[in-house]
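Everything on this sheet refers to the single structure shown next.
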Amino acid sequence: MELSSQYSARDVEHKWYTFWRERGYFKPSMDPSAPTFSIVMPPPNVTGVLHVGHALNNTWQDILIRFHRMLGDNTLWLPGTDHAGIHTQMKVDELLRSQGIDRREIGREAFIDEVWRWKEKYGGEILRQVEKLGASVDWSRLRFTMDQGLSKAVTEVFVRLYEEGLIYRGYYITNWCVSCRTALSDIEVEHEDEPGTLTYLRYPLDQEEGFVVVATTRPETMLGDTAVAVHPDDPRWKHLIGHHVRVPLIDRVIPIIADAYVDPEYGTGAVKVTPAHDPNDFQMGQRHHLPQIQVIGEDGRMTEEAGAYQGLDRQQARAQILQDLEALGVIEKAEALVHSVGHCEKCGTVIEPLVSLQWFVRTAPLAEPALAAVRSGDIQFVPQRFEKIYTNWMENIRDWCISRQIWWGHRIPAYYCDHCHEVTVARTAPDSCPVCHGPVHQDEDVLDTWFSSALWPFSTMGWPEETTDLAMFYPTSVLSTAYDIIFFWVARMVMQGLHFTGERPFATVLLHGLVRDSQGRKMSKSLGNGVDPMDVIEKYGADALRLALVLSSAPGNDQRYSDERVEAASRFANKVYNAIRYVRMNLPEGFTPQAVTMDNVEDLWIVQKLNQTTQHMTEWLKDFEFGQAARAIYDFLWDDYCDWYIELTKIHMRENPETSSNTLSMLVFVAEQALKLLHPFMPFVTEELWQSLPHQGDSIMVAPWPSPQNLPANRAQDVMDRVQSLIRTARNLRAEVNLPPGQRVHFQMVADDAETLADWQMEAAAIREMVRAQDISWHVKAEGAPKPHHALTGVCQGGSVYLPLEGIVDLAVEQARVQKTMEQTQRELERVEKQLADQKFRERAPEPVVAKAQEQRLELVARMERLKERWEDLQ
RNA sequence: GGGCGCGUAGCUCAGUGGUAGAGCGCUUGCUUCACACGCAAGAGGUCACAGGUUCGAUACCUGUCGUGCCCA
């Protein structure tokens, strides 16, 4: 069969994914005697599409999963999606509006039906993209946060927390998005530094002369001021504490209070207090029992309390108020400044702090065990430094606002009596009020999406039922996610997991960095610099994308995406493809590999390299060092297997056709092992190639992970080092004078001792071919080796290479060349000798380091000697 | 203001207590019977700076500068 010289990922990837899935390889073995390895996939938004960050994270997880599956573990990777409350609602709302439908007109139920319909139609998109990536997830266990089972878990958790007094409802200042029209938790607010104006306003004193100057960046809130606060020890204001001022424009009389919160350094040291519109003022208001006057409504417009300004948008109101204040002459001055402004994470609108009735989780009691689990090392962060971010947050945790004023999500299981207003929190809706038997209605709000995400590791496995999956796969082994989600998700999973199952939800939290664009900028819609992984896969293949992402990633570090890297990775796929193509082309029809005998240097050498690669990779994969592991197999396949081993076997088979069957078996054996090592990184191409070679078993993905081969003690590594050094030196001489590769020349190889000569001669045929020699004369230095006059000189490990070129070599030039090499060698020698002359070094440095230096010295001394002699010969 | 990263070849990045590596780019030569998405040979770095620990620091510690992120 004619095989293309170019590998086409597009033609094979889909085929193998279907093959794997149909054979059920993605499902766990359920073997109770095997170690268990489980991961729950961080659920992407059901409305979303895969971005490069997902691609990286899913690649990491797939590497772990495939590695452990090959190790023989009972391995589960559970996929799923998240209902993404606000985001999805906005998306469907937008769609309906484009059709001229207002969700408020069709009502809650009809709208939710629309969302479900939308989810069924488009919600699978991201999962199809996960497939394209090659993710070996168990599709039979696919979950969605709004599934019945998971919803049941949500209700159960809410009810239990309520019964334990860990959920409460109360009036509190929360972050309100006037665009999304819902409350948000603290971490859903993004703070950004923005230019603003600090306006200094004169509030005239009531019943006396003079005024107090307060500074504010939000003059429109003055209509809701209920006090002016100063620091209790501030000498400038101390005498006015307890006096009153009049708020301009509305003429409200408010007290001057003393509160240590006030920073005397900021502004004038006196601040206006608006308890209904600022979180700090709210706290102060509580301390001093100040009234709350809401002047901005949930729609971002001024309320009735704002008097003449009622109905104005907050921005318009600010402009109007400033104008009016100006007219009144109460503006003392205005300063430009940069200050931090909170924005809605979802829509970017400036947050309006508002007092409203919301549900909260009392987090302190949950945080305590969550903190302990990480401190004790029961849960480990990779990289470890993120522990600190986690513990800092946990130590300063604030209550979690969990109610959202939207329709799409888990509705809060709280029921209110229409008569006596009794609140009933229950697993199932009560028919009537348990107190007065009056009619009840359910809370209109839904829960924060993260409330259900926090239960993901166990709700997906059937909790609160005691299922087999829960017993077998929970706690999970690893949670892999981005570091920017530690607070939103990781922390809350730990809290809920420990509280409800008594066990950590996962043993390891593995964190990856952000994937940025090629210029290091965050990928974003507004910049239009996002990279669609599907385009990349279409162009280069999923394997290439995976390898490229893994090669340039280290845990916790951001990385840049660039097409060039993916291209490099696809070239590697092509390289491996061609290596295997070469092996196949040499296999006779119906060839069955036999048990190999390793009777020559290159065989022993390549297996030794393979062993090292296997050992390192196994360790690195266990330590989550995917980049290191990928680099190891990349180098092994390209440098060791392709550039040296295959080339050596070509010569070997030509010289020893009678043993070619063994050589072919070796080629197949090493290739198969290497493909297995590469498989977690590049599942498709490795399957394609593995299937094309003689093999045992049905799929590489269920083949056992390689373990190092037993080898007899041997010197293959040393021999190959010397041989490679000799070949490189000889090739270097050729290149120096631009000898065309076709031109066969005569070489003289002079070894320092008989042992080196013997080593070289073990690979004499290979050396002859690889340096393109007409013939080679072999010598040992001591035995009166020839001293060719008109020859290029090269020094290598253990000896010299001469390339006699009558008529081409200029003695003076060659002398200068040798001189230059001598100088170089001399410098190195001096360094080593200085080190060895230091008694402290010999005493305190570890023995192998000293030995190595001594060895180095000997080699350099010998090299110097050779060069000196040569230099004299050239005189 | 507090915390955490990063600063290594032209570019993008790995990495290690024993004075440095990759990919891309660059130079030279090659259609050598797996691969020109290739082969071979090369050029290119006082590992940001200053102290300290150490026999030895690019790596560990302290500080400085530059840069990025998170929290308040």
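Overview of values
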read-out	value
Interchain or long-range residues, amide H under 5 Å from A:S480's placed H	A:L510
Mean Cα-pair separation over length for the range A:400-504, i.e. relative contact order, pairs under 8 Å, 6 or more apart, %	24
Where N is the number of residues in the range A:146-263, Cα Rg divided by 2.2 N^0.38 Å	1.61
Which listed pairs, of A:K15/A:K622; A:K238/A:K333; A:K15/A:K575; A:K132/A:K575; A:K781/A:K840, have C-alpha distances above 26 Å, in listed order	A:K15/A:K622; A:K781/A:K840
Under 19 Å from the Cα of A:K787 - lysines, other chains or at least 8 residues apart	A:K868
Cα long-axis angle, helix A:386-395 against chain A (0 to 90 degrees, to the nearest 10)	20
Evaluated at q = 0.05, 0.09 Å⁻¹: base-10 log I(q)/I(0), Debye formula over Cα of chain A	-0.45, -1.01
Residue exposure sequence - A:H616, A:H54 - by fewest surrounding Cβ within 10 Å	A:H616, A:H54
In order through the range A:727-740: 3J(HN,Hα) via Karplus (6.51 cos²θ - 1.76 cosθ + 1.60), integer Hz, x for Gly, Pro	5, 4, 5, 5, 5, 4, 4, 4, 5, 4, 10, 6, 5, x
Kirkwood-Stokes translational diffusion coefficient of the range A:758-875, alpha-carbon pairs, 25 °C, 0.890 mPa s, µm²/s	151
Amide H partners (placed H, <5 Å) of A:I402, local residues excluded	A:W359, A:F360, A:V361
Ranked list, fewest to most other Cβ atoms within 10 Å of each Cβ, for A:D138, A:D753, A:D535	A:D535, A:D753, A:D138
Crossing angle, helix A:314-328 versus chain A [Cα axis fit, 0-90 degrees, rounded to tens]	60
Signed unit charges on C-beta, dipole axis of the range A:1-116, positive-most listed residue A:F26, A:F111, A:P42	A:F26
Flagged links, alpha-carbon separation over 31 Å, of A:K152/A:K522; A:K820/A:K852; A:K91/A:K522; A:K91/A:K152	A:K152/A:K522
Relative contact order of chain A, pairs being alpha-carbon contacts under 8 Å that are 6 or more residues apart, as %	12
Packing-based exposure ordering (other Cβ within 10 Å, fewest first) of A:S477, A:S699	A:S699, A:S477
Degrees separating the helix A:9-22 axis from the principal Cα axis of chain A, which is the longest one	70
Sequence-distant residues sharing a close amide H with A:T81 (under 5 Å, placed H)	A:R143, A:F144, A:T145
The range A:262-385, relative contact order in percent, only Cα pairs under 8 angstrom and at least six apart counted	16
For the range A:41-55, Karplus couplings with θ = phi - 60° (6.51, -1.76, 1.60), whole Hz, Gly/Pro x	6, x, x, x, 4, 5, 7, x, 10, 5, 10, 5, x, 4, 4
3J(HN,Hα) from dihedral phi, the range A:826-840, Karplus parametrisation 6.51/-1.76/1.60, rounded to Hz, x for glycine, proline	4, 4, 5, 4, 4, 4, 5, 5, 4, 4, 6, 6, 6, 5, 4
Dipole of chain A [Lys/Arg +1, Asp/Glu -1 at C-beta], most positive-end residue of A:C344, A:L726, A:P279	A:L726
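Rule-based calculations on the coordinates, nothing more; no lab input. Just so it is clear, the structure is predicted and the values come from calculations on it, not from any experiment. All Cβ positions, glycine included, derive from the backbone under ideal geometry; neighbour counts span all protein chains shown.
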